Amino acid sequence: MSISDWTKGSDGIAYQVCGQCKAVWYFERRFCPACGTDHPATLQASGRGVIHALTLVARAPTEELRTHAPYLIVLVDAEEGFRLMAHGDPALQIGDRVFARFTQLAGHKIPYFDKV
Ligand SMILES: [Zn+2]
């Protein structure tokens with residue numbers, strides 16, 4: 001089964017697990033950040049999680065994002081145990097259960113979280 005990964009253009013969130021110490025993380029690496037074991041497994045995340053923190057961005061950092069401001073940046077605890085930063089519905093609050101969908105922002109595919 002191939003893994004869908006929004007950073008590679010398909011609708012999905014990938015994460016990695018260490019085969020040795022079972023550490024779980026989000027950004028693709030060649031070695032486990034906890035114990036250094038190589039060849040971690042890349043797995044498909046469900047897209048479900050809980051809002052850990054959020055920030056409403058009123059002043060966008062780039063010109064192309066400025067037309068989208070204000071927008072909400074969320075830190076999501078995925079149910080698989082890793083944490084990722086993404087965009088989300090401005091009505092979200094800390095502790096909300098969320099699910100990822102995929103949309104385009106300023107010409108790039110991004111994950112976007114809505115309340116379940
Ligand atoms: Zn490890």
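A few points about this structure:
- Principal axis extents of the C-alpha atoms in region 48-115 (largest first, rounded to whole Å): 34, 21, 17.
- A cut-off of 5 Å between modelled amide H atoms, ignoring neighbours fewer than 5 places along the same chain, links GLY88 with LEU72, VAL74, PHE113.
- Under the Karplus curve 6.51 cos²θ - 1.76 cosθ + 1.60, θ = phi - 60°, whole-Hz ³J(HN,Hα) for region 44-52, x wherever Gly or Pro sits: 8, 7, 6, x, 9, x, 10, 5, 8
- P(r) tail fraction, region 3-54 - alpha-carbon pairs more than 14 Å apart, %: 54
- Amide H contacts for LEU105 (H built 1.01 Å from N in the peptide plane; partners 5 or more residues away or on another chain; cut-off under 5 Å): ILE110.
- Only helices enter this figure: runs of n ≥ 4 DSSP H residues, each worth -39500 (n - 2.57), summed and divided by the residues of the chain, yield -500 deg cm²/dmol at 222 nm to the nearest 500.
- Equivalent ellipsoid of region 1-104: semi-axes from √(5λ) of the C-alpha gyration tensor, largest first, are 27, 15, 13 Å.
- Computed from backbone phi with θ = phi - 60° and the Karplus coefficients 6.51, -1.76 and 1.60, the 3J(HN,Hα) list for region 17-31 is 10, 7, x, 8, 9, 6, 4, 10, 8, 9, 5, 4, 9, 8, 10 Hz; x is used for glycine and proline.
Rule-based calculations on the coordinates, nothing more; no lab input. Model, not experiment: these values are computed from the prediction.
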